Amino acid sequence: MRRERLSVAANERVGPYMLLRVGRGGLDPGRPGQFFMLEAPGRLLPRPMSLCLARSGELAFLIDAIGPGTQALCALEPGEELHVLGPLGNGFDLEVERPLLVGGGIGIAPLPYLSECLGSPPAVLGFRSDWHAEAAALVPNAQVCVEPTLVTELIPTGLDVLACGPEPMLEAVRNVAPDAQLAWEAPMACGYGACYGCAVEIDGELKRLCVDGPVLCAA
C-alpha cells in the first residue's frame, strides 16, 4: 500500500451519488473489493471507499454523502487535492467459473471494477428508488429492481455469487447462496487493523473488516 496526494479530475453526479475521479499517481488499483482511505482537506479522519473504476491514469470512487466526511469528499472541485492510502484489505477471489454480481444501493460501488476484471458477467442490483437506480448504468449486463422487490428474488441458482451491500441484504444473500463471497461494510478509522473500529460480529466471531475482509466467504 502507498499514501499519495492526488489531484481531483472530476466529481460527477450519478443519481444521488457522486463519482469522485482522481489522478492515479503511483497507486496500484489492487483487487476488486479492496478499499482506499480518502482524506478530505480539513477533515480529521479519512473515509474508506471501495474502488469503483480504474480508468487509464485514474481511480474513481462512488460516494454517498451521508455525513461530514463524505460530504467533504463530494464537494471537492477539479484541481483540488486529497491524500489517498491503499489498496487495503482483502478483495474478491476472481477464480470463479460462473460469476454473478449482486449489489444493493451504494454497495454497488466495487462492482463496476469487479465487472471489468471478470469480463462483464451478469449482475443483479437492487435500489430503494428509480433515482438511486441511475447508478446501475455503471455496471454492464445488469438486471435492476426497485423496492419493494428484493434483489435476492433475482438470484438464480448454480452461480458463483459475489455481493456487496447493506448487512440485511448480505444476510439474505447468504441464505440463498451459502457459498457467496460477501463484501461487508463498517466504519473504519485507520484501515489497517490498529484501531479495531471496524470489528463486527459474524457468526459469533469478531472480524476486523479492514484486514480480515472486507470480502468474506458466506459459509
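The values are calculated or read from the model by the stated rules, or taken from the named source; none is laboratory data. Please read all numbers here as calculations on a predicted model, not as lab measurements. Positions of Cβ are generated from backbone atoms using ideal geometry, with glycine treated the same way; all protein chains shown enter the neighbour counts. Accessible surface areas use protein heavy atoms only, side chains included; no ligands, DNA or RNA. Shrake-Rupley method; radii C 1.70, N 1.55, O 1.52, S 1.80 Å.
Quick grid of which residues meet (1) touching a helix residue (DSSP H, G or I) at 6+ places or on another chain (Cβ under 8 Å); (2) within 29 Å of V173 (Cβ to Cβ):
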| position | (1), (2) |
| --- | --- |
| P16 | yes, yes |
| G26 | no, no |
| F36 | no, yes |
| R43 | yes, no |
| I63 | yes, yes |
| G107 | yes, yes |
| P112 | yes, yes |
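Scanning region 37-53 for residues that are among the small types (G, A, S) and open to solvent by 20 Å² or more (accessible area, probe 1.4 Å) yields G42, S50. In the set A163, A137, A133, only one residue is among the hydrophobic types (A, V, I, L, M, F, W, C) and open to solvent by less than 10 Å² (accessible area, probe 1.4 Å); that residue is A163.
Tell me which residues, restricted to region 63-74, are in contact (Cβ under 8 Å) with a residue 12 or more places away in the chain and within 12 Å of G42 (Cβ to Cβ).
Taking region 63-74 as the starting set, the residues that turn out to be in contact (Cβ under 8 Å) with a residue 12 or more places away in the chain are 63-65, 68-70, 72-74.
Passing the criteria: P68, G69, A72, L73.
Kindly indicate whether F61 is touching a Leu at 6+ places or on another chain (Cβ under 6 Å) and at pLDDT below 95. In short, no. Just name the residue that is least open to solvent (accessible area, probe 1.4 Å) out of those in region 106-121 that are touching a residue at least 24 places away in the same chain (Cβ under 8 Å) and more than 10 Å from the chain's Cα centre (by Cα). Residue satisfying both the conditions and the ranking: S115. Taking the criterion of being part of a strand (DSSP E or B) and either open to solvent by less than 30 Å² (accessible area, probe 1.4 Å) or under 22 Å from A163 (Cβ atoms) (or both), the residues of region 59-95 that qualify are L59, A60, F61, L62, I63, L82, V84, L85, G86, P87, L88, N90.
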